[in-house]
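Written below as structure tokens is the structure these notes are about.
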Amino acid sequence: MRKTFHYLAFLFLMLSLSLASCVSTNKFKASEARANQLQNDNAIVQNKLNDCNTKVKDLNDQKYTLLNENQSVQNDLKALSAESKMTIADQAKRLKRLQDIIQAQKDVMTRLKNSITDAMMSYKTDELNVYFKDGNVYVSLAEKLLFKSGSDVVDPKGKEALKSLALVINNTQDISVMIEGHTDNVPIKTRLFKDNWDLSTARATAIVRILTVDNGFDPTRITASGRSQFHPIMPNDAIEGRAANRRTEIILSPDLKEIYKLLEQ
């Protein structure tokens, strides 16, 4: 009986030790898992903290840059303000000077137009017309005053008209002259002229030679150009319109050098 009791006591002791061992192992595993979880959480938090520190640094850098830019803008505004205050009087003088130059040029061009009109009084309005346009004086000469159809040779009557014009413009300083040849839209193709571009340019060049070579106008102040059929003043669908479009325009422009020089100051 005593042996049986000792045997049962031994079994009970072993079972208790086994159960205690299982409980300790489970607790250890649970603690180990918890420790691993804490390490992972700590790594995540550390990464987020690093990201936040990086963003804070970037924001500080941006703040520093914006402060520098703002200071630069403030300095520029101060400089501009000081310059503006210094030059208000000068700007007023410049504006007055500009107005005086423009008015003087208007006066010159008005006298020039009147002088040309007086010099050309003997010509009919369907032969020659003098007018203002865009601040320039235009002398528009019809084909029948200057040329035969399809020719760039100036007729004697046309040469006399150009001589009268040259007498006026030779005595007018500070103007430039543009000669523009114009045609109607009827195609032309001859031994001399391939098309209306050729004809219009040749006519402009012929007039340049008469004004410069024959009548002494300064060649550095004159330009020839051909506009062909592409700048009509009337529709080309009627005889009268085509006749009006076959013209040569002498454009007298004021010298703008003084204005440009003043604006660049």
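The values are calculated or read from the model by the stated rules, or taken from the named source; none is laboratory data. Note that the structure is predicted; figures quoted are calculated from it, not measured. A quick note on method: Cβ atoms are made from the backbone with ideal geometry, for glycine too, and the neighbour counts reach across all protein chains shown.
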For TYR138, work out the one condition from (1) of a type outside the set (Lys, Arg); (2) within 23 Å of GLY241 (Cβ to Cβ); (3) out of contact with any strand residue (DSSP E or B) (no Cβ under 7 Å at 6 or more places or on another chain) it doesn't fulfil.
-> (3)
Among the candidates GLY135, GLY150, residue that is within 16 Å of SER176 (Cα to Cα), of a type outside the set (Ser, Thr, Tyr), touching a residue at least 24 places away in the same chain (Cβ under 8 Å) and surrounded by fewer than 18 Cβ atoms within 10 Å (Cβ to Cβ) | GLY135
From the set of residues in segment 219-241 that are touching a residue at least 12 places away in the same chain (Cβ under 8 Å) and part of a loop (DSSP other than H, G, I, E, B), which is nearest to LEU167 (Cα to Cα)?
-> ARG227
Could you list, in sequence order, all residues of segment 182-198 that are in contact (Cβ under 8 Å) with a residue 40 or more places away in the chain, of a type outside the set (S, T, N, Q) and in contact with a Leu (Cβ under 7 Å, 6 or more places away or on another chain)?
-> PHE193
Just for strands (runs of 3 or more DSSP E) wholly inside segment 120-181: which have at least 3 residues that are in contact with a Cys (Cβ under 7 Å, 6 or more places away or on another chain)?
-> none
Test set (1) touching a helix residue (DSSP H, G or I) at 6+ places or on another chain (Cβ under 7 Å); (2) touching a residue at least 60 places away in the same chain (Cβ under 8 Å); (3) farther than 24 Å from GLU240 by Cα; (4) not acidic (Asp, Glu) - ILE169 fails condition number | (1)
Of the residues in segment 200-219 that are within 34 Å of the chain's Cα centre (by Cα) and not charged (D, E, K, R), the one that is nearest to ASP152 (Cα to Cα) is ALA202
Within segment 182-210, how many residues turn out to be among the β-branched types (Val, Ile, Thr) and assigned to a helix (DSSP H, G or I)?
-> 5
Taking the residues in segment 199-208 that are touching a Leu at 6+ places or on another chain (Cβ under 9 Å) and over 9 Å from SER228 (Cβ atoms) as candidates, determine which candidate is surrounded by the most Cβ atoms within 10 Å (Cβ to Cβ).
-> ARG203
Every listed condition ((1) without any contact (Cβ under 8 Å) to a residue 24 or more places away in the chain; (2) closer than 16 Å to GLU143 by Cα; (3) hydrophobic (A, V, I, L, M, F, W, C)) holds for VAL213 save (2)
Residue that is surrounded by the fewest Cβ atoms within 10 Å (Cβ to Cβ), among those in segment 221-241 that are β-branched (Val, Ile, Thr) and touching a strand residue (DSSP E or B) at 6+ places or on another chain (Cβ under 9 Å) = ILE233
Across segment 97-110, which residue is nearest to the chain's Cα centre (by Cα) among those that are among the charged types (D, E, K, R) and modelled with pLDDT of 80 or more?
-> LYS106
Being closer than 21 Å to ARG242 by Cα and hydroxyl-bearing (Ser, Thr, Tyr) narrows THR190, THR205, THR220 down to just THR190
Look through segment 242-260, keep the residues that are within 21 Å of ASP174 (Cβ to Cβ) and touching a strand residue (DSSP E or B) at 6+ places or on another chain (Cβ under 7 Å), and return whichever of them is modelled with the lowest pLDDT.
-> ASP255
Can we say SER176 is surrounded by 14 or more Cβ atoms within 10 Å (Cβ to Cβ) and among the hydroxyl-bearing types (Ser, Thr, Tyr)?
-> yes
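Which count do you get for residues in segment 102-123 that are crowded, with 16+ Cβ neighbours inside 10 Å and not small (Gly, Ala, Ser)?
9
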